[in-house]
Amino acid sequence: DAEQERAEGRHWVAIGTGAWDSRRRRWQVRVDRVVRVHPDDVRGRAEKLDKERFDKVAAAVRRHT
(Lines give C-alpha, C1' and ligand atoms only; values in the text may rest on other atoms or scores of the structure.)
Protein backbone atom coordinates (compact mmCIF):
# COMPACT_ATOMS: atom_id res chain seq x y z
CA ASP A 1 0.00 0.00 0.00
CA ALA A 2 0.98 3.65 -0.35
CA GLU A 3 2.09 4.06 3.28
CA GLN A 4 4.38 1.04 3.10
CA GLU A 5 5.85 2.25 -0.20
CA ARG A 6 6.67 5.67 1.31
CA ALA A 7 8.16 4.00 4.41
CA GLU A 8 10.49 2.06 2.09
CA GLY A 9 11.47 5.26 0.26
CA ARG A 10 9.46 4.51 -2.89
CA HIS A 11 7.39 7.38 -4.27
CA TRP A 12 4.78 7.20 -7.02
CA VAL A 13 2.81 9.75 -9.08
CA ALA A 14 -0.51 8.83 -10.68
CA ILE A 15 -0.62 9.73 -14.39
CA GLY A 16 -4.00 8.24 -15.28
CA THR A 17 -4.70 6.50 -18.57
CA GLY A 18 -3.25 7.10 -22.00
CA ALA A 19 -2.77 5.88 -25.54
CA TRP A 20 0.11 3.67 -24.36
CA ASP A 21 -2.35 1.14 -22.90
CA SER A 22 -5.16 -0.24 -25.05
CA ARG A 23 -6.90 -1.53 -21.90
CA ARG A 24 -7.01 2.03 -20.49
CA ARG A 25 -5.69 1.08 -17.05
CA ARG A 26 -4.75 3.81 -14.59
CA TRP A 27 -0.95 4.13 -14.40
CA GLN A 28 1.58 5.36 -11.85
CA VAL A 29 5.20 6.39 -12.30
CA ARG A 30 7.88 5.66 -9.71
CA VAL A 31 9.72 8.96 -9.22
CA ASP A 32 12.41 8.21 -6.65
CA ARG A 33 14.52 6.11 -9.02
CA VAL A 34 15.47 7.05 -12.56
CA VAL A 35 16.53 4.30 -14.96
CA ARG A 36 18.15 5.31 -18.23
CA VAL A 37 17.44 3.06 -21.19
CA HIS A 38 18.86 3.49 -24.67
CA PRO A 39 16.02 3.98 -27.18
CA ASP A 40 17.26 1.02 -29.26
CA ASP A 41 16.74 -1.24 -26.24
CA VAL A 42 13.05 -0.39 -25.85
CA ARG A 43 10.67 -2.97 -27.22
CA GLY A 44 6.97 -2.55 -27.67
CA ARG A 45 4.97 0.59 -27.93
CA ALA A 46 6.22 3.90 -26.61
CA GLU A 47 4.19 7.05 -26.12
CA LYS A 48 5.16 10.42 -24.77
CA LEU A 49 3.36 12.17 -21.97
CA ASP A 50 1.46 15.37 -22.59
CA LYS A 51 3.09 18.48 -21.10
CA GLU A 52 0.87 18.60 -18.01
CA ARG A 53 1.64 15.00 -17.02
CA PHE A 54 5.32 15.35 -17.92
CA ASP A 55 5.65 18.46 -15.74
CA LYS A 56 3.92 16.68 -12.85
CA VAL A 57 6.29 13.70 -13.09
CA ALA A 58 9.38 15.90 -13.55
CA ALA A 59 8.54 17.96 -10.46
CA ALA A 60 8.11 14.80 -8.41
CA VAL A 61 11.42 13.38 -9.68
CA ARG A 62 13.17 16.58 -8.59
CA ARG A 63 11.64 16.26 -5.11
CA HIS A 64 12.54 12.60 -4.63
CA THR A 65 15.96 12.08 -6.28
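When the helices in the chain are scored as -39500 (n - 2.57) per DSSP H run of 4 or longer and the sum is shared across all residues, what 222 nm value do you end up with, to the nearest 500 deg cm²/dmol?
Mean residue ellipticity, 222 nm, calculated: -9000 deg cm²/dmol.
Mind listing the long-range amide H neighbours of Trp27? Cut-off is under 5 Å, sequence gap 5 or more, other chains count too, H placed in the peptide plane at 1.01 Å from N.
Answer set, sorted by chain and number: Ile15, Gly16, Thr17.
What shape does the chain take by its C-alpha gyration tensor, where a ≥ b ≥ c are the square roots of the eigenvalues and a/c under 1.5 counts as rounded, a/b above b/c as prolate, and the rest as oblate?
Working: a/c = 1.66, a/b = 1.39, b/c = 1.19.
Prolate shape, in that a/c is at least 1.5 and a/b is the bigger ratio.
Work out the FRET efficiency for Asp41 and Glu8 from their Cβ-Cβ distance, taking R0 = 35 Å, and round it to the nearest 0.05.
Values: r = 27 Å, r/R0 = 0.78.
The value I calculate is 0.80.
Cα axis of helix 51-64 to longest principal axis of the chain: angle in degrees, 0 to 90, nearest 10?
In the chain, helix 51-64 runs at an angle near 40 degrees to the longest axis.
May I ask you to derive the relative contact order of the chain, considering only C-alpha pairs under 8 Å and at least 6 residues apart, and to give it as an integer percent? Please list the in-between numbers first.
Details: 54 pairs, mean separation 21.5, N = 65.
Dividing the mean separation by the residue count of the chain yields 33 percent.
What part of the accessible area of the chain, given as a whole %, is carbon or sulfur when the probe is 1.4 angstrom? Spell out each step's value before the answer.
Details: 2700 of 5730 Å².
Carbon and sulfur atoms account for 47 percent of the accessible area of the chain.
What accessible area per residue comes out for the chain, rounded to a whole number of Å², with a 1.4 Å probe?
Values: 5730 Å² over 65 residues.
On a per-residue basis, the chain sits at 88 Å².
For a protection proxy built on the mean count of beta-carbon atoms within 10 angstrom, sort 51-57, 32-38 highest first, please.
The most tightly packed comes first, giving 51-57, 32-38.
The values are calculated or read from the model by the stated rules, or taken from the named source; none is laboratory data. All values reported here derive from a predicted model rather than from experimental measurement. FYI the Cβ positions are ideal-geometry reconstructions off the backbone, even for glycines, and counts take in every protein chain you see. All accessible areas refer to the heavy atoms of the entire protein, side chains included, with ligands and DNA or RNA removed. Shrake-Rupley method; radii C 1.70, N 1.55, O 1.52, S 1.80 Å.
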